[in-house]
There are 2 protein chains.
Amino acid sequence: MLHAHDHAHCIADALTRADALCAERGARLTSLRRRVLELVWSGHQPRGAYAILDDLTQRDGKPAAPLTVYRALEFLVEQGLVHRIESLNAYIGCAEPGAMHAGQFLVCEACGNAVELDDPRVDDAIRTAASERGFQVRRPTVEVRGTCPDCQKPDLQEKSP
Amino acid sequence: MLHAHDHAHCIADALTRADALCAERGARLTSLRRRVLELVWSGHQPRGAYAILDDLTQRDGKPAAPLTVYRALEFLVEQGLVHRIESLNAYIGCAEPGAMHAGQFLVCEACGNAVELDDPRVDDAIRTAASERGFQVRRPTVEVRGTCPDCQKPDLQEKSP
DNA sequence: CATAGAGTGTTATATCATAACACCATGCTG
DNA sequence: CAGCATGGTGTTATGATATAACACTCTATG
């Protein structure tokens, strides 16, 4: 998806913004939570809770329990630092934390990458349609399955982070 | 949600349309699949696969295995007779089978009911935004959490089917 | 009625998520 | 600084959702 890029920069950037946001809010971005955030950001593919668990166990050598990861993810989602992709039971780093936004994602079925859409027109259309039906919106979820630009090119398929 | 209504009619109607559609397509709506469809339609709340399994076991007295239900649901979803609500891991009868449409739902967090939205403006906005990013859409999913009109009235809460 | 293909049953197992409770770390209060 | 309250983490167990592999059965069709 995002073509070749310096992903280390993505990660560093995400952590820096997370530090700033949490400091600002008085939220405690503990080392465990920070580490989980880093692991969520290890690519642009949504990662399952148990994949992150394996990372903690194997890459860090710290055997961890599922709850450890789920609790960290819960915190990160609450803080808007991570989104949950419902249709994949997986988590992905938020591209624009701080800015409150709906979770809108384009999920490529070929490479597995997901990018945030967060298009105001989509959000408007949803809110308009809902309000016409008297429905009070709390949290809109949009997850579009399909094929990303890179994977539409027949040759250089299956790119990852 | 849909106020008081003759739900038996909803069910009968859904089954009739399913019969017709499957006949037309040469798809085999077996008695098991038909029964699962009926159980999915037992209300306007999305139902989990294991809830349906319990119905089969308890209401019908036929002890069934999870796979039995999952296979029937898979068929029904393929035929567009049932939708899966990703954010609930649950299934709901399709209001307009036959008409190919995106899965757009308003899910009430108070009563648990879900209604199809299927608003063309929402679909257009998604397709426009996706296509601007070169993303090829295969299946858009929209699931809006919030509060339905009935549950916004303070008194008569918690309505069901 | 023989047979191929789709459907179903059965058993086992994988994957995703949470409950209950104990312990520890941090920061505040007196 | 001691004590304490709060929130974070560890541990164990369990619940909820979903699929794999393989055998048997039914149904449509020649």
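No lab work stands behind these numbers, since they all come straight from the coordinates. Values in this document were obtained by computation on a predicted structure and should not be read as measured data. Every residue, glycine as well, gets a Cβ built from its backbone with ideal geometry; the counts of neighbours run over all protein chains shown.
A few points about this structure:
- Most mobile of B:HIS101, B:HIS44, B:HIS83 in a GNM of chain B (Cα contacts under 10 Å): B:HIS101
- Teacher prompt: B:GLU132 distances to equivalent labels in other copies, 7 Å Cα→Cβ, nm: 2.1
- In this assembly of identical copies, the label point of B:GLN58 (Cα plus 7 Å along Cα-to-Cβ) is separated from its counterparts by 4.2 nm, sorted shortest first.
- Under 20 Å of direct C-alpha separation, and excluding same-chain neighbours fewer than eight residues apart, B:LYS153 reaches these aspartates and glutamates: A:GLU132, B:GLU109.
- All-pairs alpha carbon distance profile, the protein assembly as shown, 20 Å steps from 0, percent: 28, 55, 17, 0
- Dipole of chain A, positive end: most advanced residue of A:LEU32, A:GLY98, A:GLN58 [Cβ charges, Cα centre]: A:LEU32
- Among the DSSP helices (H) of chain B, those spanning at least 24 angstrom by Cα along their long axis with an average Kyte-Doolittle hydropathy of 0.0 or more are B:7-25; this is a geometric and hydropathy rule only.
- Averaged over A:115-124, number of beta-carbon atoms from partner chains that fall within 10 Å: 4
- Summarised in one figure, the compactness ratio Rg/Rh of the stretch A:47-161, Cα atoms and Kirkwood Rh, is 1.04.
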